[in-house]
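Down below is the structure, laid out as structure tokens.
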Amino acid sequence: MADNYRERVCNGYDHLLTIDERLYEARTDHQHLLIFKNRSFGRVLALDGVIQTTEADEFIYHEMMVHVPVLAHGDVRRVLIIGGGDGAMLREVLRHRTIQQVIQVEIDQSVIDLCRQYLPNHSKGAFEDSRAHIVIDDGLHFLQQTHERFDVILTDSTDPDGPAEKLFSRPYYAACKACLAPGGVLVTQNGVAFLQLDEVRSSARHFEALFQDWHFFTAAVPTYAGGIMAFGWASDNPELRQQDVKTLEQRFSQSGIASRYYTPDIHRSAFALPQYILDAIGKTSP
Ligand code: SAM
């Protein structure tokens, strides 16, 4: 009888995957970590009982969270990743030839070490790239003491309980704004909108108070149970979000990147939000 991984998504709703092979389990200095194999989704990473990423569908999340801001901006040189311990966000960012430096601030060294060993297809050597600089620290602490500036900041964190709670706070978003280069953009992992609408509302309130232009875009990632995933978008450059498909097509073609999910049309349409999200964030029209 196969072992099962059961995740409490919300009251009365569990998400269950068979554990066909348990690869590694430990309590790190910051969280409980489990890596296992599942017959449908390949290798799976769970932290504190929440699925973080799977080999089968990680491309959707990482392509959208990276290519949407990078191609909207058009000349990204320096990127900051907060979290992202599995290395796939770093991998996707480094595919862009314009990138000169990526600083990744991950609180838990064990996540990086164990994902390099047990989820090698996520980072695919990204941690060894000379443009990558890994810092083991809390993301907010790093932002509050760095003098670096970034064209794109990506919050690829766990959900707002445990070590990532502060990464959804006003001080955090203010610190991100202070570390954005002129014309830069912050993109955040902002939860599964239907079930975590309060997180979207909360981020929207902070974005509204801090940034000239903000919104959300979405993508459905099968193993993030409960429907479409919301990505927060916050910038003081309103033009970024309005990039036309023609410009995005030119930039995407020049990037030479072969994607499995991202297309310029998907990019544009991802910012079209369902009415219940528009209502929740106080925007009657996009
Ligand atoms: N793709 C996943 C998702 O959407 O939920 C996130 C992937 S990644 C594994 C999340 C990372 O955030 C973890 O490695 C965790 O250690 C890191 N993290 C959590 N809180 C953090 C903090 N305050 N500063 C830096 N990294 C943090």
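Given the conditions (1) farther than 19 Å from V152 by Cα; (2) at pLDDT 95 or above, report the number of the one that C10 does not fulfil.
Unmet condition: (2).
Counting just the residues of the range 124-146 that are part of a helix (DSSP H, G or I) and touching a residue at least 24 places away in the same chain (Cβ under 8 Å), which one comes out most open to solvent (accessible area, probe 1.4 Å)?
So, considering only residues that are part of a helix (DSSP H, G or I) and touching a residue at least 24 places away in the same chain (Cβ under 8 Å), the one most open to solvent (accessible area, probe 1.4 Å) is Q144.
Which of (1) within 15 Å of the ligand (Cβ to nearest atom); (2) open to solvent by less than 20 Å² (accessible area, probe 1.4 Å) does D113 not meet, given it meets every other one?
So D113 meets the others, but not (2).
Among the residues of the range 253-266 satisfying the criterion of being surrounded by fewer than 14 Cβ atoms within 10 Å (Cβ to Cβ) and touching a residue at least 12 places away in the same chain (Cβ under 8 Å), which is nearest to the chain's Cα centre (by Cα)?
R260
Go through (1) more than 11 Å from the ligand (Cβ to nearest atom); (2) more than 13 Å from the chain's Cα centre (by Cα) one by one and return the number of the condition F59 breaks.
Of (1) more than 11 Å from the ligand (Cβ to nearest atom); (2) more than 13 Å from the chain's Cα centre (by Cα), only one is false for F59: (2).
Taking the stated definitions as given, is A26 touching a residue at least 24 places away in the same chain (Cβ under 8 Å) and open to solvent by less than 20 Å² (accessible area, probe 1.4 Å)?
In short, no.
Can you name the residue in the range 205-250 that is aromatic (F, W, Y) and either more than 18 Å from the chain's Cα centre (by Cα) or over 22 Å from C179 (Cβ atoms) (or both) and is also surrounded by the most Cβ atoms within 10 Å (Cβ to Cβ) among such residues?
Y224
Restricting to the range 84-101, what's the tally of residues that are more than 21 Å from A220 (Cβ to Cβ) and either within 15 Å of the ligand (Cβ to nearest atom) or buried (at least 24 other Cβ atoms within 10 Å of the Cβ) (or both)?
Selection size over the range 84-101: 5.
Only one of (1) of a type in the set (S, T, Y); (2) part of a helix (DSSP H, G or I); (3) open to solvent by less than 40 Å² (accessible area, probe 1.4 Å) fails for S269. Which number is that?
Against the list (1) of a type in the set (S, T, Y); (2) part of a helix (DSSP H, G or I); (3) open to solvent by less than 40 Å² (accessible area, probe 1.4 Å), S269 comes up short only on (3).
If the Cβ limit is 8 Å and pairs must be 6+ apart or interchain, which residue in the range 97-109 that is more than 15 Å from T146 (Cα to Cα) pairs with which residue that is modelled with pLDDT under 95 and part of a loop (DSSP other than H, G, I, E, B)?
none
Among residues belonging to the range 1-23 that are touching a residue at least 12 places away in the same chain (Cβ under 8 Å) and outside any strand (DSSP E or B), point out the one that is nearest to the ligand (Cβ to nearest atom).
D20
Within the set of pairs 6+ apart or on separate chains, which have a first residue in the range 235-252 that is in the same structural domain as T155 (by TED's automatic domain parsing), a second that is of a type in the set (V, I, T), and C-beta atoms under 6 Å apart?
Going by the 6 Å Cβ cut-off, the qualifying pairs are S235/V185; L240/V185.
Give the range 180-197 a look and list any residue that's surrounded by fewer than 20 Cβ atoms within 10 Å (Cβ to Cβ) and closer than 20 Å to A209 by Cα, or say none.
Those that are surrounded by fewer than 20 Cβ atoms within 10 Å (Cβ to Cβ) and closer than 20 Å to A209 by Cα: A181, P182, G183, L197.
Against the definition (of a type in the set (A, V, I, L, M, F, W, C) and free of Cβ contacts under 8 Å to residues at least 60 places away in the same chain), how does L34 come out, yes or no?
In short, yes.
The values are calculated or read from the model by the stated rules, or taken from the named source; none is laboratory data. None of these values were measured; they are calculated from a predicted model. Glycine gets a Cβ as well: all are built from the backbone with ideal geometry, and neighbour counts include every protein chain shown. Just the protein is used for accessible areas: all its heavy atoms, side chains included, with ligands, DNA and RNA removed. Shrake-Rupley method; radii C 1.70, N 1.55, O 1.52, S 1.80 Å.
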